[in-house]
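Note sheet for the following structure.
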Amino acid sequence: MATVIIPTPLRKFTGNSAKINVSGNDVSEIIANLVHQYPDVQKHLLDPSGSVRSFINVFVDEDDIRNLQYNHTHVETRSVISIVPAIAGGNLI
């Protein structure tokens, strides 16, 4: 099973778990299984069409899936999938 790193804002929907082991062969299966296991995370992670929201970045190990095969990016059993919400706002000095 791959390990999914849950960002702090979404942990309240995963029983405060920071890391969750999820099975799947690619990113789409991992996300589908994560949402099946924790349904409340779906509206924060996926848009109405079922795609990962544009402001959510997903990494397999250290590679952004946007530079790979997006949701079809292969996942190994030892892979670490990081869900990273974009951060905006603040003032630059």
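Readers should treat all values here as calculations from the given coordinates under stated rules, not as data from a laboratory. Not measured: the values here are computed from a predicted model. A quick note on method: Cβ atoms are made from the backbone with ideal geometry, for glycine too, and the neighbour counts reach across all protein chains shown.
What the table below lists for this structure:
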read-out	value
Checking S49 against (1) buried (at least 18 other Cβ atoms within 10 Å of the Cβ); (2) part of a loop (DSSP other than H, G, I, E, B), the condition it does not meet	(1)
Unique match (being under 23 Å from I87 (Cα atoms), aromatic (F, W, Y) and touching a helix residue (DSSP H, G or I) at 6+ places or on another chain (Cβ under 7 Å)) among F13, F55	F13
Breaking point among (1) surrounded by 15 or more Cβ atoms within 10 Å (Cβ to Cβ); (2) over 10 Å from the mean Cα position of the chain (by Cα), for S82	(2)
First in the range 32-43 and within 16 Å of P85 (Cα to Cα), second anywhere and hydrophobic (A, V, I, L, M, F, W, C), Cβ under 7 Å, 6 or more apart	V41/L10; V41/F13; V41/L34; V41/V35; Q42/V35
Those residues of the range 6-43 which are under 19 Å from R66 (Cα atoms) and assigned to a helix (DSSP H, G or I), in sequence order	V27, S28, E29, I30, I31, A32
Scan of the range 44-68 for residues that are touching a residue at least 12 places away in the same chain (Cβ under 8 Å) and not β-branched (V, I, T), ordered by number	H44, L45, L46, S51, F55, N57, F59, D61
Selection within the range 53-79 - more than 14 Å from I6 (Cα to Cα), out of contact with any Gly (no Cβ under 7 Å at 6 or more places or on another chain), among the β-branched types (V, I, T) and surrounded by 12 or more Cβ atoms within 10 Å (Cβ to Cβ)	I65, T73
